[in-house]
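Derivation of every value follows stated rules applied to the coordinates shown; laboratory data play no part. Remember, it's a predicted structure, so these values are computed and weren't measured experimentally. Positions of Cβ are backbone-derived with ideal geometry, glycine not excepted, and every protein chain shown enters the neighbour counts.
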Amino acid sequence: MWILLRIFFGGLMYWAFQEARLNARGNTLSADVLNAYWVGVVVGLALLNGIVWAPYFGERVSDPLTGGTINAEFTEEKGWLLKMIRYAQNRGWRAITRWLCFVECCRSPWRPTAYIIGLTNARENSWLEKVFATEVFKFNNAQNCLIAYRALKRHGIDPRPHQSPGVNLVLVSEEHEVRETPAAIEVPPAPEPPKIKRNERIKLGLD
């Protein structure tokens, strides 16, 4: 829908601009009035084009900073093999699940769903874990990329840098080690405060 509106308003603006250009060649009073009219039409269409194009350019500008943290997986298609993968996963058949995921990845390597499920069900330090983690790291979901990064580090592989700056920020924060809570320092008990002697020169009214 947005694409059709962009083409429609873009074409109208181009047509109105050409009409304003043709009318600008006249020197009569009526030509001046028509010039003002077409200028107003072009300005109005420019505003409409700005409305329909604003979401596109806004997404392109903000994606380098936020895309890696908000982009989820692609829409999962309800194929028969994915149904079998979900069925095996729900019953705890991890070996069958990861090998079915391997077959699905060979069939549709551009879809991340099978890679993520396979990485979740793969044995640590196995060949399949390395394969799934390598492919998961190529997508832009920061949480999944972090899981893949940890798996690849167990295999001695540092896959950075990532194509998304947002994912790289998450990976940099992973390197910061959390400092252990320092041990409590034992402090000797404070001495008792000295007793205050009464000044004998001070006489109270009741004395």
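Starting from the Cα gyration tensor of region 131-177, take the square roots of the eigenvalues, sort them a ≥ b ≥ c, and report rounded, prolate or oblate (rounded when a/c is under 1.5, otherwise prolate if a/b is larger than b/c, else oblate). Taking the square roots of the gyration eigenvalues as a ≥ b ≥ c, region 131-177 is oblate. Within a straight-line Cα-Cα reach of under 16 Å, residue 130 can be paired with the following lysines, leaving aside sequence neighbours fewer than 8 residues apart in one chain: 138, 153. With neighbour counts taken as other beta-carbon atoms within 10 Å, the residues 147, 7 rank, fewest first, as 7, 147.
Sorting 185-196, 36-47 by their mean Cβ neighbour count within 10 Å, with the most densely packed peptide first, gives 36-47, 185-196.
Taking a ≥ b ≥ c as the square roots of the eigenvalues of the Cα gyration tensor of region 80-173, is the shape rounded (a/c under 1.5), prolate (a/b larger than b/c) or oblate? Judged from the Cα gyration tensor, region 80-173 comes out prolate (a/c at least 1.5, a/b above b/c).
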